[in-house]
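What follows is one structure encoded as structure tokens, with my remarks underneath.
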Amino acid sequence: MLRILEEEKMKITNIIGSPRKNSKSCEIAAAFCNTAEKNGAVINSYKLNEMNFSGCQGCYGCKRDKNYCVIKDDLQEVIEKISETDALVISTPIYIWDVPGQVKCFIDRLYSFKDSDWKTKLSDGKKVIFVQTQGREEGMFKNVSEKYEQIMKTLGFSEVHIIRACNFVNPNKEGSI
Ligand SMILES: Cc1cc2nc3c(=O)[nH]c(=O)nc-3n(C[C@H](O)[C@H](O)[C@H](O)COP(=O)(O)O)c2cc1C
């Protein structure tokens, strides 16, 4: 798995989906990013919970011109960065059987990677590493990572790799706000 991020001079965008300090999902993603960095990768990390952005407004501005999302908020730079990146790391906990709202809002905005003919604007070969943590056992919520794998492929990413860490639930030990 680490080999995915070990190609030389990769550009990596690291999206941190957990709002928590000392987040497990963030820690796992950071381990991959640190290894990649040692191999010369350039990492841009963004913690969604510390950014100001809205959900998709359904304006279809991304289908009308050559730009990506037309909403001028903190995600505009991130979306631009992802379009230039070799690998996108998304780390997220499960909240109520899915990703947290912050992560869903972010993913909705990636709709702007599709043009008006439903073709991807992304260049070939981009990779996604999807890190999912959860309180429940392994048998639960496999379908969530599988769903996001399909979504990322539909948006135009070539490869999606899933990492799951299960049975992590002890808020007092794991971190605080
Ligand atoms: C609001 C909320 C909802 C949660 N819902 C679920 C859930 O539906 N299923 C589950 O297995 N864990 C659930 N959890 C537990 C987290 O997914 C789990 O603790 C995870 O390891 C946290 O990851 P993090 O340390 O990266 O934030 C929930 C936690 C919170 C705070």
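The values are calculated or read from the model by the stated rules, or taken from the named source; none is laboratory data. Keep in mind that what you see is a predicted model, and the values were worked out from it rather than measured. Cβ atoms come from the backbone with ideal geometry, glycine included; neighbour counts cover every protein chain shown.
Cβ-Cβ contacts under 6 Å between residues 6 or more apart (or on different chains), taken from a first residue in the range 159-170 that is within 11 Å of PHE130 (Cα to Cα) and more than 8 Å from the ligand (Cβ to nearest atom) to a second residue that is assigned to a strand (DSSP E or B) and of a type in the set (A, V, I, L, M), are listed as VAL160/VAL128; HIS161/ILE129; ILE163/VAL131. In summary, CYS62 fulfils each of the numbered conditions (1) farther than 30 Å from VAL169 by Cβ; (2) out of contact with any Phe, Trp or Tyr (no Cβ under 7 Å at 6 or more places or on another chain); (3) surrounded by 20 or more Cβ atoms within 10 Å (Cβ to Cβ) with the single exception of condition (2). Across the range 17-33, the number of residues qualifying as surrounded by fewer than 16 Cβ atoms within 10 Å (Cβ to Cβ) and modelled with pLDDT of 95 or more comes to 1. The requirement of being under 18 Å from LYS126 (Cβ atoms), of a type in the set (Lys, Arg) and at pLDDT 95 or above is fulfilled somewhere in the range 7-16, by at least one residue.
So which residues in the range 21-53 are of a type in the set (D, E, K, R) and out of contact with any helix residue (DSSP H, G or I) (no Cβ under 7 Å at 6 or more places or on another chain)? Walk me through how you get there before you give the answer.
Initially, the range 21-53 is screened for residues of a type in the set (D, E, K, R), giving 21, 24, 27, 37-38, 47, 50.
Correct list: LYS21, GLU27, GLU37, LYS38, LYS47, GLU50.
Please go through the range 79-99 and give me each residue that is under 20 Å from PHE141 (Cα atoms) and buried (at least 19 other Cβ atoms within 10 Å of the Cβ), ordered by number. Give the steps one after another, and end with the answer.
Initially, the range 79-99 is screened for residues under 20 Å from PHE141 (Cα atoms), giving 89-99.
Matches in the range 79-99: VAL89, ILE90, SER91, THR92, PRO93, ILE94, VAL99.
Scanning the range 107-151 for residues that are in contact (Cβ under 8 Å) with a residue 60 or more places away in the chain and near the ligand (Cβ under 10 Å from one of its atoms) yields VAL131, GLN132, THR133.
Screening GLY175 against (1) at pLDDT 95 or above; (2) on the phi > 0 side of the Ramachandran plot; (3) within 16 Å of the ligand (Cβ to nearest atom); (4) surrounded by fewer than 17 Cβ atoms within 10 Å (Cβ to Cβ) leaves a single unmet condition, (1).
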